[in-house]
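Step one of this worksheet: look at the structure below.
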Amino acid sequence: MTAALFWEWLIKGIILILVMTGGFAYTTLLERKVLARMQARIGPNRAGPFGLLQPVADGIKLIFKEELIPAGADKRIFVLAPIITVIPALIVTAVIPWGTSVTIGGREIALRITDINVAVLYIMAVTSISVYGITLAGWSSNNKYAAMGGLRATAQMVSYELALGLAFIGPVMLAGSLSMSDIVAAQQGLWYVFIQPAGFLIYFVASLAEVNRAPFDMPEAEQELTAGYHTEYSGMKFALFFMAEYIKMIAVAMIGASLFLGGYQGPFVAQLPWLGPVWLFAKVFVWLFVMIWVRATLPRIRYDKLMALGWKVLLPVSLLNVMVTAVVLVLTSA
């Protein structure tokens, strides 16, 4: 590895981390503003102009907030669990392309961190790790409500990851590649959402369940579990769980936009490569808005209904979608 390539990777990695952490901060503000507007409220408007410094104020509050560890907790796992949860959320987007490439100082820079030929498998493997952090957080807290939230998270993620994984198969078969860059490039003429509407809907619903968003926020369920797996957490440890949830929201939006909405593809991208990240950001923004809209609209569903939806509806439909896609591809290629 040359020194120039190392520094390029390092700089792009730092940029990605800064974008994801900054995106987490202002996604919280976006959610509070959107929910306030939909519920005929005002929302945050005191910290800074139009409330734009509210995430900064929240961060300062959490930094100085007292941190407590329950007397009966497993202290090492209790401290490690938030870290185990947030790291996969940060690294999963390393294989998502932001654009094609740009020329800087006579050197062509690819607008992505890396392009591996098994990117889809990488995404599925990394996203599976975060369940360990949530489960360990619930178990190590020595709290029955937290343990119940951790068990719910495990059952929920196992159930919905099957449908989520099968939703990836349609775009993979259409593009003939597991590389996210190849999948995005194959959508230059037509986005896969128009060819795979069922796969898109399955991915969207399953991704809501994977990141514990309403109406699938059963591991938290404050009316039943007094906040669930993070009941005993406070201060920056709680902030890490909060960070992981919103970074995972951004990550699933980036992955979904790349799989079904053409990723960075858009008008004039071929002539102006810098527009690629702009188009990707616009699609992610709309995706996040819809996720927030769903939270404002739908009530939390009953737990047995949640499990039945995953096993009895999404899984069979996703299998049928893969079979139909395979048959159509074979017939059209014959």
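Each value in this text was obtained by applying a stated rule to the coordinates, not by laboratory testing. Everything quoted here is computed from the prediction, not taken from an experiment. Heads up, the Cβs are rebuilt from the backbone with ideal geometry, glycines too, and the neighbour counts pull from every protein chain shown.
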Open item on the list: Order 300-308, 87-95 from most to least packed using the mean count of other Cβ atoms within 10 Å.
Closed with: 87-95, 300-308
- [ ] Show the residues, 5+ positions off or on another chain, whose built amide H is closer than 5 Å to the amide H of residue 109.
- [x] 102, 103, 104
- [ ] Mind computing the radius of gyration and Dmax over the alpha-carbon atoms of region 131-188? Å is fine for both.
- [x] 17.4, 52
Task: Lysine-lysine proximity count for region 65-333, Cα under 28 Å, sequence distance 8 or more or distinct chains - done: 14
Task: P(r), alpha carbons of region 1-152 - 10 Å bins starting at zero, rounded % - done: 9, 24, 28, 28, 10, 1, 0
Task: Under-5 Å amide H pairs with residue 218, H placed in peptide plane, nonlocal only - done: none
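Suppose R0 equals 41 Å. What FRET efficiency, 1/(1 + (r/R0)^6) with r the Cβ-Cβ distance, do residue 297 and residue 2 give to the nearest 0.05?
Details: r = 52 Å, r/R0 = 1.26.
In this case the efficiency is close to 0.20.
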Open item on the list: Quick check on the chain: what does the Kirkwood estimate of hydrodynamic radius come out to from the alpha carbon pairs, in Å?
Closed with: 21.1 Å
Task: Burial ordering of 279, 293, fewest other beta-carbon atoms within 10 Å first - done: 293, 279
TODO: Report the net charge of residues surrounding residue 249, where surrounding means a beta-carbon distance below 11 angstrom and charges are Lys +1, Arg +1, Asp -1, Glu -1.
DONE: 0
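Which order do 289, 6, 204 fall in if you start with the one that has the fewest other Cβ atoms within 10 Å? Please list the in-between numbers first.
Working: 289 14, 6 10, 204 19.
Ranked by crowding around the Cβ, least crowded first: 6, 289, 204.
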Task: Of the trypsin sites (Lys or Arg not before Pro) in region 1-89, those whose Cβ has at most 11 other Cβ within 10 Å and which sit in DSSP loop - done: 41, 46
Open item on the list: Using +1 at the C-beta of Lys and Arg and -1 at the C-beta of Asp and Glu, which of 99, 252, 289 has the Cα lying farthest in the positive direction of the dipole of region 65-333?
Closed with: 289
- [ ] State the extension gain, in nm to one decimal, for the chain segment bounded by residue 39 and residue 57, taking 0.36 nm per residue of separation less the distance between their alpha-carbons.
- [x] 4.1 nm
- [ ] Step through the residues of region 75-92 one at a time and calculate ³J(HN,Hα) from phi using the Karplus curve (6.51 cos²θ - 1.76 cosθ + 1.60, θ = phi - 60°), rounding each to whole Hz and writing x for Gly and Pro.
- [x] 4, 5, 5, 4, 7, 6, 4, x, 5, 4, 6, 7, 5, x, 4, 6, 8, 5
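Based on the Kirkwood radius over alpha-carbon pairs, what is the Stokes-Einstein translational diffusion coefficient of region 262-334 at 10 °C with 1.306 mPa s viscosity, in µm²/s? Provide the component values of the computation, followed by the final result.
Numbers: Rh = 16.1 Å.
It diffuses with D of about 98 µm²/s by this estimate.
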Open item on the list: For a quick check: sort 21, 27 by the number of other beta carbons within 10 angstrom, fewest at the front.
Closed with: 21, 27
Task: Rg/Rh ratio calculated on Cα atoms of region 202-334 (Kirkwood radius) - done: 1.07
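Under the rule of -39500 (n - 2.57) per DSSP H run of 4 or more residues, summed and divided by the residues of the chain, what mean residue ellipticity at 222 nm is obtained, to the nearest 500 deg cm²/dmol? Spell out each step's value before the answer.
Working: 12 runs with 216 residues, N = 334.
Helix-only estimate at 222 nm: -22000 deg cm²/dmol.
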